[in-house]
1. Using DSSP to call loops (not H, G, I, E or B), can you name the GluC sites (Glu not before Pro) in region 1-91 whose Cβ has at most 14 other Cβ atoms within 10 angstrom?
2. Placing +1 on the Cβ of each Lys and Arg and -1 on the Cβ of each Asp and Glu in the chain, which of CYS61, LEU8, PHE141 has its Cα farthest towards the positive end of the resulting dipole?
3. With θ set to phi - 60°, apply the Karplus curve 6.51 cos²θ - 1.76 cosθ + 1.60 along region 53-66 and write out the HN-Hα couplings as whole Hz, x wherever there is a Gly or Pro.
4. Hey, what's the Kirkwood Rh for region 1-107 if you take every pair of different alpha carbons, in angstrom?
5. Rounded to the nearest 0.05, what FRET efficiency do ILE167 and ILE210 give with R0 = 25 Å and r taken as the Cβ-Cβ distance? Could you check?
6. Taking springs between alpha-carbon atoms closer than 10 angstrom, which of ILE34, ILE197, ILE160 fluctuates most in the Gaussian network model of the chain?
7. So for the pair SER121, ILE41, with labels modelled 7 Å out along Cα→Cβ, what separation do we get in nm?
8. Based on DSSP H runs of at least 4 residues, each adding -39500 (n - 2.57), what is the mean residue ellipticity at 222 nm of the chain after dividing by all its residues, to the nearest 500 deg cm²/dmol?
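Please treat every number below as a calculation from the coordinates, not as lab data. Keep in mind that this is a model prediction, so the values were computed, not measured. Cβ placement follows ideal geometry from the backbone for every residue including glycine, while neighbour counts extend to all protein chains displayed.
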Amino acid sequence: MTRIVFALLKKDLLLELRQRHSLYGILLYVASTIFVLKLSINEPESETWNGLFWIIQLFVCVNAVAKSFLQESQGRMLYFYTICRAREFIIAKLIYNIILMLIMSLLSLLLFFVLLKNPLSRTLQFTGIVCLGGISLSLVFTLLAAIAAKAQQNAALMAILGFPLIIPQLLLLIRLSKAAFGEAFREGALLQLSLLIIGFDLMVIMLAIILFPFLWKD
């Protein structure tokens, strides 16, 4: 199983390197959005800075993760059906999208620091929260993209299914990241929020592994 997952992951990475226009398009979107924020706000307050960062992460994730299933044609999916199992395929997609979203999240954070300054009092802690948030967002939208791709209603279905799932997650991430701006939390609150997000991530992984084989058969 590990060998097949690694082979599928390598295939996605090689395709990304060969089709760089899609990756460059996302990077251009991130850079241009943050530059517009720089021109309009210049140095936003810490709460505004935090909210804008996570909103951009949400849209970056939608654009980056959705294409991982959209680029798979029906003929290619039939080929994958003959050489691997559903769980191997979805695990490889989850890992690939986690890697992609981590890179995008860290690049976005770097651009925020360069263009919108750094209002953080605990930069390293916020970086860890950004990595956790990138993983969480990528997991949710990978599952949603898999469902939407099979339903042939990609954009509409992802929006409908994603809204009730992603809003509570974003609220948790925004609340958790406020600690990096110096906001005081009662003892144990940060750990509880972190464990809640990690538990949510594990639930999404289990749902993907359990539910995707049913979509795979179609």
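1. GLU45
2. The Cα lying farthest towards the positive end belongs to LEU8.
3. After applying 6.51 cos²θ - 1.76 cosθ + 1.60, I find 4, 6, 5, 5, 4, 4, 6, 4, 5, 4, 6, 7, 7, 4 Hz.
4. Numbers: mean 1/r = 0.0642 Å⁻¹.
This gives a value of 15.6 Å.
5. On the way: r = 24 Å, r/R0 = 0.94.
E(calc), rounded to 0.05, equals 0.60.
6. Residue with maximal mean-square fluctuation among ILE34, ILE197, ILE160: ILE160.
7. 2.0 nm
8. Values: 8 runs with 185 residues, N = 218.
Calculated from helices alone, the mean residue ellipticity at 222 nm is -30000 deg cm²/dmol.
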